[in-house]
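Report on the structure given below.
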Amino acid sequence: MDFKNKINKDSLPQHIAIIMDGNGRWAREKGEDRVFGHQNGVNSVRETLEGCVEIGVPFVTLYAFSTENWNRPKEEVQALMEILVHSLSTEVETFKKNRVKLHAIGNIDDLPAHCQRTLQETIDQTEDKAVCTLTLALSYGARAEILQATQKIAQRVQAGELATTDITEKLFSENLYTTGLPDPDLMIRTSGEQRISNFMLWQMAYTELVFLPIMWPEFTRENLYECIFNYQNRERRFGKISEQL
């Protein structure tokens, strides 16, 4: 089915968040090591990004490396860091061609110095005239994000800069990593797992969730369009009833 032509361009999700799951399992099914799966997952990132630009989605966030991922075997973590550096170096021209601005959230200081350096260099090269902002969530955990936001606000209250009555949802959101980004309208997770795994817990209060049985290296542009079509055929009520919409 040609889902692209079924999509209503007037009601696109403004922000799509993606949990790119299943690289390791996909590789094992092919008799390869897990790193092979991560390497092939880069192709799906490119497909997704170009698909979002083509259809007109202005914000995409990829859950690239969680705080929990540091607990994986040392060799796999090192390989993931090298894939990150290599991908950023090789894909920067793709970003420029598609007018994509790169952004990153999470505890970036946890990354190896050469990863931080390459990440910042790529961000600096993709600042102008963007039609789509690609955010990489790196060393990211939503509970840590919420805790850090709470601590920052508490410090301002303690310093007398804020009263407790000044603390609003808007203020809290402004102290999260994602300040300046709209909340996701659609979250996609591959691999068949049906959970959000400490990803954007605050921001996804009203996000539509789509779980796919395919592994991330199998994800194509057509899968993206199918998810958007699925999203457009849901009724988003935000606490209201259908007759109020």
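Computed from the coordinates by the stated procedures, all read-outs in this text should not be read as laboratory data. Since this is a predicted model, take the numbers as computed values, not measurements. Cβ sites come from the backbone with ideal geometry, for glycine too, and all protein chains shown count toward neighbours.
With contacts taken as Cα pairs under 8 Å and at least 6 residues apart, the chain reaches a relative contact order of 30 percent. Candidate membrane-span-like segments in the chain, meaning DSSP H helices with Cα atoms spread over at least 15 Å of their own axis and a Kyte-Doolittle mean of -0.5 or above, are 34-55, 74-97, 142-158, with no membrane implied. Picking from Ser87, Asn5, Asn71, whose Cα lies most toward the positive end of the charge dipole for the stretch 1-97 (charges on Cβ: Lys, Arg +1; Asp, Glu -1)? About the Cα centre, the residue reaching furthest to the positive side is Asn5. Each peptide in 158-166, 1-9 gets a packing score, the mean of other Cβ atoms within 10 Å over its residues, and the list from highest to lowest is 1-9, 158-166. Backbone N atoms of the stretch 75-106 closer than 12 Å to the 7 Å Cα→Cβ label point of Gln120 are not found in any residue.
Between the DSSP loop rule and a limit of at most 11 other Cβ atoms within 10 Å, which trypsin sites (Lys or Arg not before Pro) in the stretch 40-148 are left?
Values: sites: Arg46, Lys74, Lys96, Lys97, Arg99, Lys101, Arg117, Lys129, Arg143; in loops: Arg99, Lys129.
Qualifying residues, ordered by number: Lys129.
Give the dimensionless ratio obtained when the Cα radius of gyration of the stretch 1-98 is divided by 2.2 N^0.38 Å. Rg over 2.2 N^0.38 Å, computed on Cα atoms: 1.24.
Below 9 angstrom from the Cβ of Ser197, what's the summed charge of the other residues (Lys, Arg +1; Asp, Glu -1)? Computed value for this residue: -1. Sequence-ordered 3J(HN,Hα) estimates for the stretch 188-196 from the Karplus curve with 6.51, -1.76 and 1.60 and θ = phi - 60° stand at 10, 10, 8, 5, x, 6, 10, 7, 9 Hz, glycine and proline given as x. Any idea what log10 I(q)/I(0) is at q = 0.12, 0.16 Å⁻¹ for the chain, Debye with uniform C-alpha scatterers and no solvent? After summing over all Cα pairs, the log10 values are -0.73, -1.27. Highest GNM mean-square fluctuation, the chain, Cα pairs closer than 10 Å: which of Pro73, Pro58, Pro217? Fluctuation is largest for Pro73. Counting only helical runs of four or more DSSP H residues, what would the 222 nm mean residue ellipticity of the chain come to if each run contributes -39,500 (n - 2.57) and the total is spread over all its residues? Taken over the chain, the calculation gives -13500 deg cm²/dmol.
Using +1 on the beta carbon of Lys and Arg, -1 on that of Asp and Glu, and nothing else charged, what's the dipole of the chain about the Cα centre, debye to 20?
Numbers: 27 positive and 35 negative charges, 57 e Å.
It works out to roughly 280 debye.
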